[in-house]
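Trainee: Once you've had a glance at the structure underneath, I'll fire off some questions.
A short reminder: the numbers here are calculations on the coordinates, not readings from a lab. Predicted, not measured: the structure shown is a model, and the values here were computed from it. Here the Cβ positions follow ideal geometry from the backbone for every residue, glycine too, while neighbour counts run over all protein chains shown.
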Amino acid sequence: MTESDTEQRLSRWQRTTVSDGTLAFECLERGDGPGVILLPEIPGIMPSTIALGDRLVAEGFTVVMPSLFGVPGRRPGAAGQVATVARLCVTAEFRAFSRDLRGPVTDFLRLVAVELAARTPGRGVGIVGMCFTGGFAIATAVTTDRIAATVVSQPAAPFPVTPSRARSVGVPGADLERYAAAHADGPACVVGLRFTRDLKSSRGRLVALQRHLGDTAVVVPIPSGRDARDGTPAGAHSVLTGDVREEPPNQAFAEREKIFEFLRERLAPVDVPAPPEG
């Protein structure tokens, strides 16, 4: 996607600043239908993020992309990406090293979810987190019943400075288990995704997610490197964006399509029976 293509795509999105009184971020919005919050990967809302957002719009969703870091549409060089990571490491609101990611950012995202749910059809909203924001998706979901579908893709936070943090998805196990108990009567409401040879997102995170959430979650390991039969390289990381190959179809492609269906099923508006005649 060229720079002019990116600018053209960005021009289709309505841009507003949203504040919860503590934090303020620019949010990009487009579409009609049930709401989905799409959280960016590091270093920000890149062309691949916009492409995924556009696809969600085409699938019938109202999409909100909070610009939590970086500049929308711009992919910085290596130095810029390092600077973004460094800022996230020292910024208290992101709690990048904590095994409990809930804090100022999840408070802000909860506000976005509640507001979006109030003005869109459906049984709540969906939230999709990827890489650094994967853990923030589930950390937000456990704080509000307005989120009916959660996607945790290649979660990379908390930063794995200790073995316990490498196994954490950003929510204490007891709180995940309470969340699972509250949703035990319905179908799975959380999907976790990760390439099997991804060194940036530890296997232990999704193992822990499955252990604590049980049938409330579906965890999908996608073969890569020597595990793959479709040529997916060992270095593949971004399941829903940069490492999805459109031609030929591959498992990442197939799993992305299943995510769209998961969101449709979980967020479909509840049919209201017509009042009896007479």
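Trainee: What residue among 202, 11, 153 has the largest mean-square fluctuation in a Gaussian network model of the chain, using Cα springs under 10 Å?
Mentor: 11
Trainee: In terms of modelled amide H atoms, which long-range or inter-chain residues lie less than 5 Å from the amide H of residue 222?
Mentor: 194, 195, 196
Trainee: So what's the net charge close to residue 193: Lys and Arg +1, Asp and Glu -1, counting the other residues with Cβ under 15 Å from its Cβ?
Mentor: 0
Trainee: At 0.36 nm per residue, and after removing the present C-alpha to C-alpha distance, how many nm does the segment from residue 234 to residue 185 gain when stretched out fully?
Mentor: Answer, rounded to one decimal: 13.9 nm.
Trainee: How much length, in nm to one decimal, is gained on full extension between residue 74 and residue 20, taken as 0.36 nm per residue of separation minus their Cα-Cα distance?
Mentor: Roughly 16.9 nm would be gained on extension.
Trainee: How many percent of all Cα-Cα pairs in region 147-243 sit more than 21 Å apart?
Mentor: Taking all Cα-Cα pairs of region 147-243, the fraction more than 21 Å apart is 34 percent.
Trainee: As a test of the formula, what do you get for the chain when each DSSP H run with n ≥ 4 contributes -39,500 (n - 2.57) and the sum is divided by the residue count, at 222 nm and rounded to the nearest 500 deg cm²/dmol?
Mentor: Computed mean residue ellipticity for the chain: -11000 deg cm²/dmol.
Trainee: In whole Å and largest first, what semi-axes does the C-alpha gyration tensor of region 3-267 yield when each eigenvalue is scaled by 5 and square-rooted?
Mentor: The answer is 23, 22, 20 Å, longest axis first.
Trainee: A further question on this structure: If you average the sequence gap of Cα pairs under 8 Å that are 6 or more apart and divide by the length of the chain, what percent do you get for the contact order?
Mentor: Relative contact order comes out at 15 percent.
Trainee: With the dipole of region 3-267 worked out from charges on the C-beta (+1 for Lys and Arg, -1 for Asp and Glu) around the Cα centre, which of 60, 113, 201 lies farthest toward the positive end?
Mentor: The residue sitting most towards the positive pole is 201.
Trainee: Something else now. Calculate log10 I(q)/I(0) of region 133-181 for q = 0.24 Å⁻¹, where I(q) comes from the Debye formula with a single equal point scatterer on each Cα and nothing for solvent.
Mentor: -0.90
Trainee: Just want the answer: with Cβ charges of +1 for Lys and Arg and -1 for Asp and Glu, which residue in 48, 124, 217 is farthest toward the dipole's positive end in region 3-267?
Mentor: 217
Trainee: How much net charge surrounds residue 41 when only the other residues with a Cβ under 12 Å from the Cβ of residue 41 are counted, with Lys and Arg +1 and Asp and Glu -1?
Mentor: Computed value for this residue: +1.
Trainee: How big is the Cα convex hull of region 40-193 in projection, averaged over all directions, in nm²?
Mentor: Projected area, direction-averaged: 9.2 nm².
Trainee: Placing +1 at every Lys and Arg Cβ and -1 at every Asp and Glu Cβ, with all other atoms neutral, what dipole size does the chain have around its Cα centre, in debye to the nearest 20?
Mentor: So the dipole magnitude of the chain works out to roughly 940 debye.
Trainee: Quick one: net charge around residue 17, please, counting Lys, Arg +1 and Asp, Glu -1 for every other residue with C-beta under 13 Å from its C-beta.
Mentor: Neighbour charge sum, excluding residue 17 itself: -2.
Trainee: Can you compute the equivalent ellipsoid semi-axes for region 167-222, i.e. the square root of 5 times each eigenvalue of the Cα gyration tensor, sorted largest first and rounded to whole Å?
Mentor: The answer is 21, 13, 6 Å, longest axis first.
Trainee: Highest GNM mean-square fluctuation, the chain, Cα pairs closer than 10 Å: which of 246, 257, 41?
Mentor: 246
Trainee: By average Cβ neighbour count within 10 Å, what is the ranking of 186-197, 122-133 from highest down?
Mentor: The densest-packed peptide leads the list: 122-133, 186-197.
Trainee: Starting from the 7 Å offset along Cα-to-Cβ, what nm value, one decimal, do you get for the label separation of residue 162 and residue 203?
Mentor: My value for the distance between the label points is 2.4 nm.
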